[in-house]
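Here, each number is a calculation from the coordinates, and none is a lab measurement. The structure presented is a predicted model; accordingly, all values stated were derived computationally and were not measured. Here the Cβ positions follow ideal geometry from the backbone for every residue, glycine too, while neighbour counts run over all protein chains shown.
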Amino acid sequence: MLAKHSFKILLIVGVLATLYLQARLWSSDGGYAELFSLQERLSIVEGQNEALKHRNEEAYGEVDRLKNEPGAIEAVAREELGFVGKDEIWVQIINAPDPTLAPKPIEEDSIEPLRQIEISQ
């Protein structure tokens, strides 16, 4: 009888200890909640790192192109800085504005004449 009684007490203590440890594991600092949060944050940072790696590879490719292709520097200067060569003439063509967006003329009937105000001293 004593063995059954101590087994029940030991079983209850074991179950309570397991419940306590599980509660701490799920809810405390350093538990599963923090682990899931950190895993999500890690995933975001890894995605940002991949985007930056891709951008760096494009920049390295642009540097190589500027070093190795003779006309690359001139092309960049023309596109980004508006470079014009010595014997070249630069012409800018401006599209005509949309006539439907032009302001409407003011009708003379809607204009009030100015009134003269006299100031006495």
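Values computed for the structure shown
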{"item": "Student exercise, the chain dipole from Lys, Arg, Asp, Glu Cβ charges, in Debye to nearest 20", "result": "1660"}
{"item": "Inter-probe distance in nm under a simple model that places probes 7 Å from Cα toward Cβ, at residue 16 and residue 104", "result": "8.7"}
{"item": "Residue-averaged 222 nm ellipticity for the chain, from DSSP H runs of 4+ at -39500 (n - 2.57), nearest 500", "result": "-21500 deg cm²/dmol"}
{"item": "Percent of Cα pairs exceeding the 18 Å cut-off, where the set is the chain", "result": "83"}
{"item": "Selection from 92, 44, 18 lying farthest towards where the dipole of the chain points positive, charges on Cβ", "result": "18"}
{"item": "Förster radius 35 Å - calculated FRET efficiency between residue 50 and residue 29 (Cβ-Cβ, nearest 0.05)", "result": "0.70"}
{"item": "Estimated FRET transfer efficiency (residue 58, residue 91; beta-carbon r; R0 25 Å; 0.05)", "result": "0.15"}
{"item": "Span-rule helices in the chain, defined as complete DSSP H runs reaching 27 Å or more along the axis (Cα) with Kyte mean at least 0.0", "result": "2-27"}
{"item": "Alpha carbon Rg of segment 12-80, scaled by the compact-globule rule 2.2 N^0.38 Å", "result": "2.39"}
